[in-house]
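As structure tokens, the structure follows; a few thoughts come after it.
The values are calculated or read from the model by the stated rules, or taken from the named source; none is laboratory data. Note that the coordinates shown come from a computational prediction; the quantities given were computed from them, not determined experimentally. Cβ placement follows ideal geometry from the backbone for every residue including glycine, while neighbour counts extend to all protein chains displayed. Heads up: the accessible areas ignore ligands, DNA and RNA and are worked out on the full protein's heavy atoms, side chains in. Shrake-Rupley method; radii C 1.70, N 1.55, O 1.52, S 1.80 Å.
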Amino acid sequence: SLPPRWRAPAVCAWLGPRVHAVTYPVRGGDALNIVCVVQQPAEGAQPHAQAHAGWDHPAAGEQVRAALSGLCAPLRELVASVPSWGLWVLHDRPPVAGPGEMASGPVALVGDAAHPMRPYLAQGAAMALEDAFELGRVLAASRERVMDIPTALQRYALNRWQRCARVQRRSLRNATIFHAGGLVRLGRNLALRGLGGRVMDVPWLYEGVV
């Protein structure tokens, strides 16, 4: 039921004050997924409360349309064609401060358990995969009796925590850029128009080696 212009196999992003949206094809192009991130307090949330715990709550289309009402007509057209929406509230913790936050004794944390991050760099799952790769590598050394398990887990944490913290910080920085208003917004738009994809490239992340 999508308008024809939205059937191209492309990833698109729209940035606006306190909001951004991303669309990308799924199921081999049979469907289009749209994610809208709106910067606002959770309805009815109290300080330190676990409001809307979990990630699969129904959301009213009117809420989404109201949040995106100031953005471009093509995006509003797409939003109007979506039959239903799900809602989840973003939760995170400060960036990892040291290896002790990822491993202690015979226990290690990976993925969101170790370093939850905002989705503004789309790297949460990627960091979990990198964690798993590194964890497998150090545990192989443990199986070969090169080091015991607590030492192996400490090595895992030492090798991972700084990269994970850097991705967490960059995600927060992107949130400020994506949702900017005023002069920052104008500067961002000019940079994107003039430099294109080079503005969004992150070589240390995408070309990095675990």
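Which of the residues belonging to the stretch 14-34 are touching a strand residue (DSSP E or B) at 6+ places or on another chain (Cβ under 8 Å) and of a type in the set (A, V, I, L, M)?
Correct list: Val19, Ala21, Val22, Val26, Ala31, Leu32, Ile34.
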Which of the residues belonging to the stretch 2-34 are at positive phi and in contact (Cβ under 8 Å) with a residue 24 or more places away in the chain?
Arg18
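Residues checked against (1) modelled with pLDDT of 95 or more; (2) open to solvent by 30 Å² or more (accessible area, probe 1.4 Å):
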| residue | (1), (2) |
| --- | --- |
| Arg118 | no, yes |
| Ile149 | no, yes |
| Ala157 | yes, no |
| Trp161 | yes, yes |
| Arg198 | no, yes |
| Leu205 | no, no |
Residue tally, condition in contact with a helix residue (DSSP H, G or I) (Cβ under 8 Å, 6 or more places away or on another chain) and assigned to a helix (DSSP H, G or I), over the stretch 107-124
6
Yes or no: the stretch 178-186 includes at least one residue that is surrounded by 15 or more Cβ atoms within 10 Å (Cβ to Cβ), assigned to a helix (DSSP H, G or I) and in contact with a Pro (Cβ under 8 Å, 6 or more places away or on another chain).
yes
State whether the residues of the stretch 123-141 include one that is open to solvent by 60 Å² or more (accessible area, probe 1.4 Å) and closer than 28 Å to Pro41 by Cα.
yes
Report, by residue number, each residue of the stretch 153-210 that is touching a Gly at 6+ places or on another chain (Cβ under 9 Å), of a type outside the set (Gly, Ala, Ser) and closer than 24 Å to Leu71 by Cβ.
Phe178, His179, Arg185
How many residues, within the stretch 154-210, are of a type in the set (Gly, Ala, Ser) and under 19 Å from Met117 (Cβ atoms)?
5
